[in-house]
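The next block holds one structure in the form of structure tokens; read it before the comments.
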Amino acid sequence: MKEKTLIIVESPTRAKTISKFLPSNYKVESSFGHIRDLPKGALGVDVENDFTPQYVTPRKSIKRVNEIKKLASKSTNIILASDEDREGEAIAWHLEQIVKGKVHGKRPMKVDLELQEKSLQSNVLFFMKSPSRLFTTRSKTHATSSMSL
């Protein structure tokens with residue numbers, strides 16, 4: 001069986017560009033930015049449980065989240081290719097939460113795309129050779145900064 005790798009990026013434009021220079025066993029999709037957020041009009045944290053954030057999927061993202069879960073379940077590997085900033089790490093962390101366990105128990109790998117469009121192809125090919133684990137400190141920092149207590 002041929003391995004199938006799902007790569008999830010933030011932007012649909014970037015997904016289209018990256019898919020042009022990867023082999024056919026790679027499927028590049030976009031999350032269209034954030035897929036989860038703190039609830040509107042509520043505190044958004046569980047004060048009884050160490051102030052654990054209570055994330056929700058906004059109505060506008062539900063269809064995309066379901067599509068990503070379906071694609072993940074058909075993939076051998078998942079690579080979260082987000083921007084290398086707090087927001088990108090947060091998006092990757094939320095993506096990891098929704099696809100967790102969808103790939104035969106394997107954890108998604110992460111690549112950081114700190115890219116200028118002119119060097120996109122060489123950077124993507126370089127980072128694909130050395131995916132890493134998610135840098136959770138940045139994603140937690142983003143989560144903390146998005147909470148308004």
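What follows draws every value from the coordinates through simple rules; no lab data is involved. Because the structure is a prediction, the values reported are computed rather than measured. Cβ sites come from the backbone with ideal geometry, for glycine too, and all protein chains shown count toward neighbours.
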Here, GluC sites (Glu not before Pro) of the stretch 1-82 satisfying both criteria (DSSP loop; at most 10 other Cβ within 10 Å) are Glu3, Glu48
With +1 at each Lys and Arg Cβ and -1 at each Asp and Glu Cβ, the charge dipole magnitude of the stretch 44-97 around its Cα centre, to the nearest 20 debye, comes out at 640
For the stretch 10-21, in residue order, the Karplus 3J(HN,Hα) values (coefficients 6.51, -1.76, 1.60; θ = phi - 60°; whole Hz; Gly and Pro = x) are 7, 10, x, 5, 5, 4, 5, 5, 5, 5, 5, 10
Across the alpha-carbon set of the stretch 52-92, Rg over Rh with Rh taken as the Kirkwood radius works out to 1.01
For Lys69 and Phe32, extending 7 Å from Cα along the Cα-Cβ vector and measuring point to point gives, in nm, a value of 1.7
Length gained if Arg59 through Lys2 is fully extended, taking 0.36 nm per residue and subtracting the Cα-Cα distance, is 17.0 nm
Cα-based Rg then Dmax for the stretch 1-88, in Å, read 15.7, 49
